[in-house]
Structure formats: C-alpha cells, structure tokens
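Here it is, the structure in full.
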Amino acid sequence: MSDGTAQDELFFEPLKEHRGAYFVEYQPPVPSVPLATLCLVFTEPVGSARAAALLEEETRRWIGRFPVPLMASALDEKEDLIAVHGNGAGGHLFAWFEPDAGEITLSSKAADLDAFLRANPAARNLREIYAYVPARTKEQVKADADKYAQERRRQNLLLKGLLALWLVIIPAGIALFEYFGPEWLGIIALTFSLWQAWRTWRKITGRSRPSRAETESAEKDRKMRHYYYHCERNPLGFQKLMAENFAEDARHRVRKEAVDLARASSQCGKLNPPAS
C-alpha cells in the first residue's frame, strides 16, 4: 500500500492541553479533509480582543508543531463561538505554512485558505508529521464500530429477554401455578387480594396515612402539574428558562473538562518530572 493511501486511512486522536484560563483541543486532519482544527474553550468570560490574541498565539504554536493547514476557533464558557474578528466577520482563523517563504500565514477568510490548498495539493506524510500522536486505521475504526454495534445489540437482546421474563413468563407461571397448585395457594392469593382491597379502602376513607415514598411521589406529581400549567401559560418564558439551563449545563461541562485536564496534566508532571 502506498504512503498516500495509508495516510488517508489514518484517524488520529485529538490532543488536549490545559492553559489555566482555557484549554485547547487540536484535531489532526481526518480522511478527505486536508486541514486540522484547533479549538480554544474558555472557562470564564473573556473579551473578544483577548480571545483573538490567544487564538492567534495558539494557532502559531500548533502550526509550528504540525505544519498542516489549520482552522482555529474560540468558544466561551457556554460553548458559543466567539466572534474574534468582530460580529460581522465571524470567529474562525485560518492558517497555513508557506514552505517557499518559510513563514506562517494567518487569515480570517476561508477563501484564502481554499486558494492555498488549490495551489498546494496535500502531498505530505501525516504519519511522519504526527509521529507520536495515537492513530487508528480505517479497518480499526470499522472494527471498533462493529464491536460497539454488537455490544449494543447484545444489551438490547438482554433487555428484551428480561422484559419478557418479567411481563410474560413470570405472570404466566404464577397463573398456571395458581390453577394447578394446591388449594392453600388459592387461599393465600385470596387473602392477599382482600388485604390490598382493605388498604385501598383505608386510603379512600382517610383512615390510613400515606407512606413517605407515597407522599414524595404525590408532591412530585403536584409540582409537575404546577410547572406544566405555568409553562403552558408562558411558553416564551419557558424557552428562556431552557436556554439558561442549557447554558449552565455547557458551563458545567467546560469546567469539568478543564478540571479533568488540569488533573491529568498534574499527574503527567508527577510521572515525568522535568530533567534537571
């Protein structure tokens, strides 16, 4: 197999690094896409000018490490795109390495990158450029996807089997056992039915106090009906509330990922102390 075919079948793992106020995720090119992507995710509110400066700094850093055409962008703590070039110019930064001039070119226009790619068709060994980045071949990706699909099918079959056992086999077995079983079993079943009827009568007449679980369930149902009533009265307010909840969920994901990356970086530093 030729180098070109082999590299087209490589799927590289993304690289993530923590920077304190933000973290970055770099994704090498995937088959049929000739450029890499870089994303800065800020964990706290940041101005567009500050985001633009950090985006340019990170873009130069990453394209210096991997001289592959790059599209970079920045997200705020709600995972919304930051318009680093102003509200009308969008939030993407395109970069590539000019081999003849030996310098990095930055542009906010995708057309400039398209022109460069047309003039310089991809003819590079990605396996050599990303020598230390974990990668999988097309066959490995397909095998992993098949394995995942088989596992999901196995789980679905198990769930269907458990449902059939609980809803069909067990009730049918109990009915057959009651029909063909001894007389004392019928007496037990009748006693249980009368006890259930007695409990229901006590609840209806208010002679039986509901259990804690029943009280909590009733209160939950009451709240759901209350919320539904007010959501129906004010659908625009409900949509605003949903948007706020989604934004808060995004902030939580960003903060959690930042903490996980910081912890992973700390552990790597302990395992690999800097050389003296």
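The values are calculated or read from the model by the stated rules, or taken from the named source; none is laboratory data. These numbers were taken from a predicted model, which means no experiment stands behind them. Heads up, the Cβs are rebuilt from the backbone with ideal geometry, glycines too, and the neighbour counts pull from every protein chain shown. The protein model used for the area step is the full one, side chains on, heavy atoms only, and it has no ligands, DNA or RNA in it. Shrake-Rupley method; radii C 1.70, N 1.55, O 1.52, S 1.80 Å.
What are the residues in the range 10-30 that are more than 22 Å from residue 254 (Cβ to Cβ) and open to solvent by 50 Å² or more (accessible area, probe 1.4 Å), if any?
Matches in the range 10-30: 11, 30.
Return the residues of the range 24-66 that are free of Cβ contacts under 8 Å to residues at least 12 places away in the same chain and assigned to a loop (DSSP other than H, G, I, E, B); say none if nothing qualifies.
Across the range 24-66, the qualifying residues are 33, 47.
Additional query: Show the residue pairs that are 6+ apart or on different chains and have beta-carbon atoms under 8 Å apart, the first residue being within the range 135-154 and under 20 Å from residue 29 (Cα atoms), the second being modelled with pLDDT under 85 and of a type in the set (Asp, Glu).
136/144; 137/9; 138/9; 139/9
Residues checked against (1) open to solvent by 100 Å² or more (accessible area, probe 1.4 Å); (2) assigned to a helix (DSSP H, G or I):
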residue: 128; (1), (2): yes, yes
residue: 131; (1), (2): no, no
residue: 142; (1), (2): yes, yes
residue: 145; (1), (2): no, yes
residue: 152; (1), (2): yes, yes
residue: 156; (1), (2): no, yes
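Residues to consider are 250, 218, 175; find the one that is modelled with pLDDT of 80 or more and of a type in the set (A, V, I, L, M, F, W, C). Steps first, answer last, please.
On the way: 250 fails: modelled with pLDDT of 80 or more; 175 fails: modelled with pLDDT of 80 or more.
Step by step, each of 250, 218, 175 is checked, and only 218 is modelled with pLDDT of 80 or more and of a type in the set (A, V, I, L, M, F, W, C).
Sort out which residues of the range 93-115 are assigned to a helix (DSSP H, G or I) and more than 33 Å from the chain's Cα centre (by Cα), and write them in order of number.
Listed by number, the list holds a single entry, 115.
Looking at the range 181-201 only, could you name the residues that are modelled with pLDDT under 75 and open to solvent by less than 90 Å² (accessible area, probe 1.4 Å)?
Listed by number, the residues that qualify are 181, 182, 185, 186, 189.
Do we have any residue at all in the range 67-80 that's part of a strand (DSSP E or B) and open to solvent by 30 Å² or more (accessible area, probe 1.4 Å)?
First pass over the range 67-80, keeping only residues part of a strand (DSSP E or B): 70-75.
Still in the list and also open to solvent by 30 Å² or more (accessible area, probe 1.4 Å): 71, 75.
Scanning the range 67-80 turns up at least one residue that is part of a strand (DSSP E or B) and open to solvent by 30 Å² or more (accessible area, probe 1.4 Å).
Sticking with this structure for a sec: When the residues of the range 38-66 are narrowed to those that are of a type in the set (D, E, K, R) and over 19 Å from residue 112 (Cα atoms), which ends up most open to solvent (accessible area, probe 1.4 Å)?
50
Please work out which one of (1) of a type in the set (A, V, I, L, M, F, W, C); (2) surrounded by fewer than 19 Cβ atoms within 10 Å (Cβ to Cβ); (3) farther than 26 Å from residue 135 by Cα is the condition residue 33 fails and give its number.
Evaluating residue 33 over (1) of a type in the set (A, V, I, L, M, F, W, C); (2) surrounded by fewer than 19 Cβ atoms within 10 Å (Cβ to Cβ); (3) farther than 26 Å from residue 135 by Cα leaves (3) as the failure.
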